[in-house]
Amino acid sequence: QVQLVESGGGLVQPGGSLRLSCAASGSIFSINVMGWYRQAPGKERELVATFTFDGSTYYADAVKGRFTISRDNAKNTVYLQMNSLKPEDTAVYYCNLRKRWARPSDYWGQGTQVTVSS
């Protein structure tokens, strides 16, 4: 069992910045990667940024150059630094952990609201 606890969401003006955090606990000693998804009202959940099993990172085209994913292995925590925020970034952001050699493979945080508005 894996538990993911997110924090850092809130209201910010266009052009502002925000940093999301996700702390993992439980059975996380298997091979795994973590990433961030988001879901806006009326839309499907989409991948924003993630670490990959080959040791690299992936970013959606809409956030390249503005968002940065990072991690602190000692704290079992991943971060999403969001700069130059736009109203289109408004969504509920979800932390995801994916295990490679175990089932179930996917675990999700509770979600944190990010609202970009003037």
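The values are calculated or read from the model by the stated rules, or taken from the named source; none is laboratory data. Every value quoted in this text rests on a predicted model; they were computed, and no experiment measured them. When we count neighbours, we look across all protein chains shown, and the Cβ atoms used for this are built from the backbone with ideal geometry, even at glycine. The area values use the complete protein model at the heavy-atom level, side chains included, leaving out ligands, DNA and RNA. Shrake-Rupley method; radii C 1.70, N 1.55, O 1.52, S 1.80 Å.
Could you list the residues of segment 65-103 with an amide nitrogen less than 17 Å from a label point located 7 Å from the Cα of LEU11 in the Cα-to-C-beta direction? Under 17 Å, as judged by backbone N against the label point of LEU11, lie 86-92 of segment 65-103.
Would you mind counting up the charge near SER30? Only other residues with Cβ under 15 Å from its Cβ, with Lys and Arg at +1 and Asp and Glu at -1. Net charge in that neighbourhood comes out at +3.
So what is the diffusion coefficient of the chain in µm² per second by Stokes-Einstein at 10 °C and 1.306 mPa s, using a Kirkwood Rh over Cα pairs? Write out the running numbers ahead of the final one.
Numbers: Rh = 14.4 Å.
Calculated translational D: 110 µm²/s.
Reported to the nearest whole Å, the Cα centre-to-centre distance from segment 27-66 to segment 94-118 is 8. Using the Cβ of ARG66 as centre and a radius below 14 Å, the other residues enclosed give a net charge of +1, where K and R count +1 and D and E count -1.
Full extension of the chain between PHE53 and GLN113 yields a length gain of 18.8 nm, computed as 0.36 nm times the residue separation minus the alpha carbon distance.
When only the Cβ of Lys, Arg, Asp and Glu is charged (+1, +1, -1, -1), the dipole of segment 35-99 relative to its Cα centre reaches about 160 debye.
Leaving out ligands, DNA and RNA, what percent of the accessible area of segment 38-111 is carbon and sulfur, probe 1.4 Å? Numbers along the way, then the final one.
Details: 2020 of 4380 Å².
Roughly 46 percent of what the probe reaches on segment 38-111 is carbon or sulfur.
For segment 1-53, which trypsin sites (Lys or Arg not before Pro) are both in a DSSP coil and crowded by at most 12 other Cβ atoms within 10 Å? Listed in order of number, the matching sites are LYS43.
In the chain, a dipole from Cβ-located charges (positive for Lys and Arg, negative for Asp and Glu) runs towards its positive end, and of TYR79, SER25, THR50 it is SER25 whose Cα lies farthest in that direction.
Solvent-accessible area per residue for the chain at a 1.4 Å probe radius, Å²? Write down the numbers at each step before the final one.
On the way: 6620 Å² over 118 residues.
For the chain, the solvent-accessible area averages 56 Å² per residue.
Cross-link partners for LYS99 among the lysines, with Cα-Cα distance under 29 Å and sequence neighbours closer than 8 places in the same chain left out: LYS43, LYS64, LYS75.
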